[in-house]
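One structure is given here, and the rest of the page talks about it.
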Amino acid sequence: MATTIAVSGKGGVGKTTVAALLIRLLKEQRKGPVLAVDADPNSNLNELLGLPTPETIGDIREETQQALLNLPPTMTKETYLSLRIQECILESTGFDLLTMGRQEGPGCYCYINHLLRGYLDGLHRNYRYVVIDNEAGMEHLSRRTTQNVDLLLIVSDVSQASLQAAGRIHKLAHHLKLKIGRSYLLLNRVPASALREGASPNPIAALPPTVEANLAATGLDLLGLIPRDDWLEEFSLTARPIWDLPEDSLALRTLAGLLGQIPGLGVTFPAASVAAAAGGGSGPLS
């Protein structure tokens, strides 16, 4: 059974970038294929992974609503839906991408969603890891699969609005009764100056004084801080895929070190402190 990792957070905090970095790191583990699931209606994970614009589950759902009425007698509804989902999976070396797309339009989709849920649950068994780039509202986790989420990473920057959103996502997961093993907060785009060698032993202390209180209010355990990475800033401007990111990227090295600290995740990245990472080159804009 796959280890399922969901990444969520307010729009604009770097959630999809963190998901893409995670997919790259897991692929480099060479422990089996990774299924990347883009469950954000904005649907741009494919761009970070260097893949073309995909057909989505949302597209199939709308089409299937009509197609199920005109199937040939020799094809079951389950077979038809299975074939269509296989056609929208983008395959790449070491990972595949499935894009959920938009929510339902008008009408009843209960039967189609039931078929989808069963198929997606079965699909997970073909992969070692499933990484879900999830919307902040968590609807896809609550409605598209019955699988447990082993790890929920909620991404935020240091702003009050983003941290409040992280807290709401955490509470919503409990309200929806999602089956989540562990949940952590990742504080993203932290000024690298606060993390370099010689800075305060408590990096939070170098941030605005309201940050620590806002962190506590989320109710989440803090996994760690990811520094602002000029390489990623440059990549976002030029639309380059995450695979081209150099190995000395601050964000990549730091996330690798943080993931290696999570027990039971099955990854053994080289130990690298945030301070050590932040002490290196910060990219083309430094």
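List of remarks:
- Hey, LYS27 under 23 Å from GLY122 (Cα atoms), free of Cβ contacts under 8 Å to residues at least 40 places away in the same chain and not polar (S, T, N, Q) or not: no
- Search result, residues across segment 237-260 that are loosely packed, with under 13 Cβ neighbours inside 10 Å and out of contact with any helix residue (DSSP H, G or I) (no Cβ under 8 Å at 6 or more places or on another chain): LEU237, THR238
- The set of residues in segment 1-24 being in contact with a Phe, Trp or Tyr (Cβ under 8 Å, 6 or more places away or on another chain) and either surrounded by fewer than 19 Cβ atoms within 10 Å (Cβ to Cβ) or of a type in the set (Lys, Arg) (or both) consists of ARG24 alone.
- Scanning segment 51-95 for residues that are surrounded by fewer than 19 Cβ atoms within 10 Å (Cβ to Cβ), of a type outside the set (A, V, I, L, M, F, W, C) and outside any loop (DSSP other than H, G, I, E, B) yields a count of 17.
- Leading residue by the ranking (surrounded by the most Cβ atoms within 10 Å (Cβ to Cβ)) among those in segment 25-50 that are outside any loop (DSSP other than H, G, I, E, B) and touching a Pro at 6+ places or on another chain (Cβ under 7 Å): LEU48
To keep it simple, each residue is scored yes or no on (1) under 30 Å from SER92 (Cα atoms); (2) modelled with pLDDT of 70 or more.
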site: LYS177; (1), (2): no, yes
site: LEU186; (1), (2): yes, yes
site: THR238; (1), (2): yes, yes
site: ASP248; (1), (2): yes, yes
site: THR254; (1), (2): yes, yes
site: ALA272; (1), (2): yes, no
site: SER282; (1), (2): yes, no
site: LEU285; (1), (2): no, no
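The values are calculated or read from the model by the stated rules, or taken from the named source; none is laboratory data. In this text the structure is predicted, and so the values were computed from the model without any measurement. Backbone-built Cβ (ideal geometry, glycine too); neighbour counts: all protein chains shown.
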